[in-house]
Amino acid sequence: MTQNKSAYLLLEDRTVFRGKSFGAEKEVVGEVVFNTGMTGYQEVFSDPSYCGQIITFTYPLIGNYGINRDDFEALHPHVEALIVKEHCTAPHHWRKVLTLEELLQEKGIPGIYGVDTRALTRRLRMCGTMKGMLIIGREPKAEDHARLEQLALPRDQVARVSTKNPYHCPGRGKRVVVLDFGVKAGILRELTKRQCDIRVVPYDTPAEEILGLKPDGILLSNGPGDPQDVHQAPQTIKSLLGQVPIFGICLGHQLLALACGATTEKMVFGHRGCNHPVQDVESKQTFLSSQNHGYTVATESLTGTGLKVTFINVNDQTVEGLAHKSLPAFSVQFHPEAAPGPYDTRYLFDQFMEMMEAFKTKKNSTRGAISYAT
């Protein structure tokens, strides 16, 4: 059986972790990262932001409540592989329709279990995320490492996960155009709860076409990879600034910063999990947040951009939120829709709704100026 075959994780620094195979039986290469969430594995590996990555789950038991029909963040997961300490072969939950292994086999995703995930996580924290190769049924060879060393990871993840054609989620409220860099279903759910009329468009849709949809607001979605690889997006966003309210989430937050003249930088091992504390700079209130990113906005690059910091990460002081000082635009690095994670910051969707209403009021009236900074 597949799960009885030996499997090896080979890292680019020549470290090898041994385990056993489960899920699809194939060898893959990807960026090895770790997620610290205790639950929500289904939402995690179906999040398009993990495109091209091999996820290490730090929680020791994964799959114990199975897979259900409701908790997918995308129909087709783009993750390369899963690494777990132990996977549950007999899950029990009233919503379960598949086991984790059955789902991985169905989607063609390999996994490795029996790995010392604590040691692997310590390695990634010390050395940073790195390329890794999952090898099944044989021991790694010298040529495997040579191939891994020479292989360049893809940089077109956004193009791979973004919708190829626009689609419509009808509603009777505000019209929101979602610029899809790899949008999670949870974001669309939050907009739907607020009766928004949603138009989801591909990541490379021109600004003129977006404005032609007559939006009340634009949401810049989450997505995978390096924001500097999405070359046309900052210019598109720059053309939209001031013409319609903008709300950016995760990759959308980074792209808004680039559009305003800031820069981004790669983190050592990133933030991935549903227990990251962020603090509101103005109120000093701290929230737990769901996060998934390997890049951050460089604080020193914000001078002269018109942006102000609204949230910071309590653990490492990195930028977690921005708002434009004079234009209706704001963004957060974390995921206010959670999925998985706490709903502490779901109120940001309400702030987006209020911003759209204020902008509409200002357009229809000459009375007084309105401040848009959140």
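The values are calculated or read from the model by the stated rules, or taken from the named source; none is laboratory data. This structure is a prediction, so every number in the text was calculated from the model and none was measured. A quick note on method: Cβ atoms are made from the backbone with ideal geometry, for glycine too, and the neighbour counts reach across all protein chains shown. Areas reflect the complete protein model, heavy atoms only, side chains present, ligands, DNA and RNA absent. Shrake-Rupley method; radii C 1.70, N 1.55, O 1.52, S 1.80 Å.
Taken per residue, the accessible surface of region 1-137 reaches 42 Å², heavy atoms only and a 1.4 Å probe. Taking label positions 7 Å along the Cα-Cβ direction at both VAL97 and LYS363, the computed distance is 3.9 nm, reported to one decimal.
What FRET efficiency comes out for SER6 versus HIS231 if R0 is 45 angstrom and r is the Cβ-Cβ distance? Round to the nearest 0.05. Efficiency for this residue pair is about 0.60. Placing a pseudo-label 7 Å from each Cα along the Cα-to-Cβ vector at ARG138 and GLU208 gives an inter-label distance of 5.5 nm. Using only side-chain charges placed at the Cβ, +1 for Lys and Arg and -1 for Asp and Glu, the dipole size of region 226-355 relative to its Cα centre rounds to 140 debye. In a simple Cβ point-charge model (Lys, Arg +1; Asp, Glu -1; nothing else charged), the chain has a dipole of about 540 debye relative to its Cα centre.
Nearest 5 percent is fine: what portion of the DSSP beta bridges confined to the chain is antiparallel?
Numbers: 45 of 74 bridges.
Roughly 60 percent of the DSSP beta bridges within the chain come out antiparallel.
Each peptide among 348-357, 123-132, 211-220 gets the average number of other Cβ atoms lying within 10 Å of its residues, and from highest to lowest they stand as 211-220, 348-357, 123-132. Checking [x] 36, 30, 16; [y] 28, 25, 21; [z] 38, 21, 19 against semi-axes √(5λ) of the Cα gyration tensor in Å calculated from these atoms, the matching label is [z]. Summing Lys and Arg as +1 and Asp and Glu as -1 over all other residues whose Cβ lies under 14 Å from the Cβ of LYS214 gives a net charge of +1. Each of ASP13 and ALA119 was given a label point 7 Å from its Cα along the Cα-to-Cβ line. The distance between the two points is 1.4 nm.
When a 1.4 Å probe is rolled over the protein heavy atoms, the share of accessible surface on the chain that falls to carbon and sulfur comes to 49 percent. Computed from the C-beta positions of ARG160 and MET130, the FRET efficiency with R₀ = 25 Å rounds to 0.75. Given the options ILE135, TRP94, GLY108, identify the residue whose Cα lies farthest towards the positive end of the charge dipole of region 67-140 (+1 on Cβ of Lys, Arg; -1 on Cβ of Asp, Glu). Farthest along the dipole direction, towards plus: ILE135.
Here GLU86 and THR303 are evaluated by their C-beta separation; at R0 = 51 Å the FRET efficiency comes out at 0.55.
Just to be sure I understand the rule: take each whole DSSP H helix in the chain, project its Cα atoms onto its long axis, keep it if the span is 18 Å or more and its mean Kyte-Doolittle hydropathy is at least -1.0. Which ones pass? Write out the running numbers ahead of the final one.
Numbers: long enough: 347-363 (24 Å, -0.47).
Those that pass (Cα extent of 18 Å or more, hydropathy at least -1.0) are 347-363.
Each Cα pair under 8 Å and six or more residues apart adds its separation to the average, and for region 177-285 the resulting relative contact order is 27 percent. The slack in the chain from ARG69 to LYS193, taken as 0.36 nm per residue of separation less the alpha-carbon distance, amounts to 42.7 nm.
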